[in-house]
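Comments concern the structure below.
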Amino acid sequence: MIEILSRTALASVQDLGRLDAFRWGVGLSGAMDPLALACGNILVGNEDGAAGVEMQVFPFALRFTADTLFALTGADCAAKLNDAPLLPWSRCTAKAGDVVTLGYPQAGRWRGARAYLCVAGGIDVPEVLGSRSTQLRGTIGGHEGRMLREGDQLPVGVKPGSEGRALATVVELGLVPPGLALPLDIDGCPAVRVLPAAEYERFTSSSLEAFWREPFRITPQSDRYGFRLAGPNLDPIAPMELRSHGIVPGVIQVPHSGQPIVQMCEGQPSGGYPKIGTVIEADLWRLGQMPIGTHFRFLRTDWDGALEALDERQRWLTETRRIVGLATSWSAGR
């Protein structure tokens with residue numbers, strides 16, 4: 001079991017989301033940074049989509065009630081195991097009673113906004129509609145369909161084949177964060193790639209030029225549902241009234257204010273605002289890790305570019321899995 005020691009809000013159980021639930025009007029949910037979650041699971045030998053704990057308000061603390069192999073990925077929060085510093089993006093073993101604490105995200109070459117705890121066997125809460133992710137809007141999944149509270153106890157699953165294996169034989173191992181391994185910026189400004197969307201041509205030419213040229217800022221009115229941005233006004237050629245229709249995470253909607261909203265992982269599955277573009281799936285993790293106040297740019301791409309970006313991400317994950325597998329096999333054979 002894992003015991004939550006913090007009163008800090010906005011920590012939740014997440015996996016890779018409800019990929020097949022859109023047909024019922026249920027949003028995706030899942031980790032804001034699915035790449036960090038997948039890497040944490042690779043480090044501890046889980047399937048990529050095993051459930052972990054997403055933390056986004058710090059400091060944060062938890063206690064292990066049994067010996068556990070765990071990994072911390074995402075934002076570097078100067079984590080400690082009891083009083084010993086932990087490397088970011090690394091795996092480690094904890095004994096029963098050990099406490100992990102996370103401080104505030106550290107500034108550096110790459111700074112994230114969310115940290116992830118993955119444990120061997122995954123967080124073993126019940127599946128709801130094919131996922132263990134917490135969805136606040138429907139109060140389903142995760143731990144009682146809500147954010148975690150002080151005193152909550154999270155069960156840990158048993159990883160097949162791990163029964164009786166001594167945790168002491170597992171070599172501590174770290175990874176280079178994908179923010180450093182797969183950088184993307186424009187003149188030093190963080191960037192995400194975007195495909196033009198259905199109503200793109202119905203915005204003024206000056207708005208379209210500004211959309212690609214000027215940075216946008218993530219405002220404090222941003223959360224897991226959507227990122228509200230501040231930047232140049234995006235004006236339609238003529239007023240647009242649309243019926244509500246299906247949308248997915250990454251869609252950039254433009255309400256009457258002219259300031260765009262990017263749908264994030266817990267965004268609603270339908271909406272009626274005009275769509276100027278869509279952040280490609282391969283880059284949503286970049287946006288999900290940007291702290292409030294970050295200025296970033298939109299980088300235009302096409303369908304082939306979006307597919308190549310997905311392939312690049314998958315190649316990096318495959319290589320990461322290979323390296324971790326080699327290290328794990330070596331430690332098991334010592």
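Could you go through region 266-276 and let me know if any residue there is under 29 Å from residue 54 (Cβ atoms), at pLDDT below 95, crowded, with 22+ Cβ neighbours inside 10 Å and out of contact with any Cys (no Cβ under 8 Å at 6 or more places or on another chain).
yes
Scan region 129-143 residue by residue and report those that are out of contact with any Leu (no Cβ under 8 Å at 6 or more places or on another chain) and at pLDDT below 95.
The answer is 129, 135, 136, 137, 138, 139.
Within region 106-136, take every residue that is aliphatic (A, V, I, L, M) and within 17 Å of the chain's Cα centre (by Cα) and give me the one that is surrounded by the fewest Cβ atoms within 10 Å (Cβ to Cβ).
Only one residue tops the list, namely 136.
Cβ-Cβ distance below 8 Å, separation of 6 or more or different chains: which pairs start in region 40-53 with a residue that is touching a residue at least 12 places away in the same chain (Cβ under 8 Å) and at negative phi and end on one that is surrounded by fewer than 24 Cβ atoms within 10 Å (Cβ to Cβ) and of a type in the set (S, T, N, Q)?
42/320; 43/90
If residue 36 satisfies all but one of (1) assigned to a loop (DSSP other than H, G, I, E, B); (2) closer than 27 Å to residue 109 by Cα, what's the number of the condition it fails?
(1)
Check every one of the strands (runs of 3 or more DSSP E) wholly within region 216-334 and list those with 1 or more residues that are of a type outside the set (Asp, Glu), in contact with a helix residue (DSSP H, G or I) (Cβ under 8 Å, 6 or more places away or on another chain) and outside the structural domain of residue 133 (by TED's automatic domain parsing).
By residue number, 226-230, 261-263, 275-279, 295-300.
Condition check ((1) farther than 30 Å from residue 141 by Cα; (2) more than 25 Å from the chain's Cα centre (by Cα)) across all residues:
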position	(1), (2)
197	yes, no
200	yes, yes
203	yes, yes
209	yes, yes
228	no, no
231	yes, no
260	no, no
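Against the conditions (1) of a type outside the set (D, E, K, R); (2) at pLDDT 95 or above; (3) touching an Asp or Glu at 6+ places or on another chain (Cβ under 8 Å), where does residue 49 fall short? Just the number, please.
(2)
Working only within region 66-112, note down all residues that are in a loop (DSSP other than H, G, I, E, B), in contact with a Leu (Cβ under 8 Å, 6 or more places away or on another chain) and touching a residue at least 40 places away in the same chain (Cβ under 8 Å).
Correct list: 67, 88, 89, 109, 110.
The values are calculated or read from the model by the stated rules, or taken from the named source; none is laboratory data. Owing to the predicted nature of the structure, the values given are computational and were not obtained by experimental measurement. Virtual Cβ from ideal backbone geometry, glycine too; neighbours counted across all protein chains shown.
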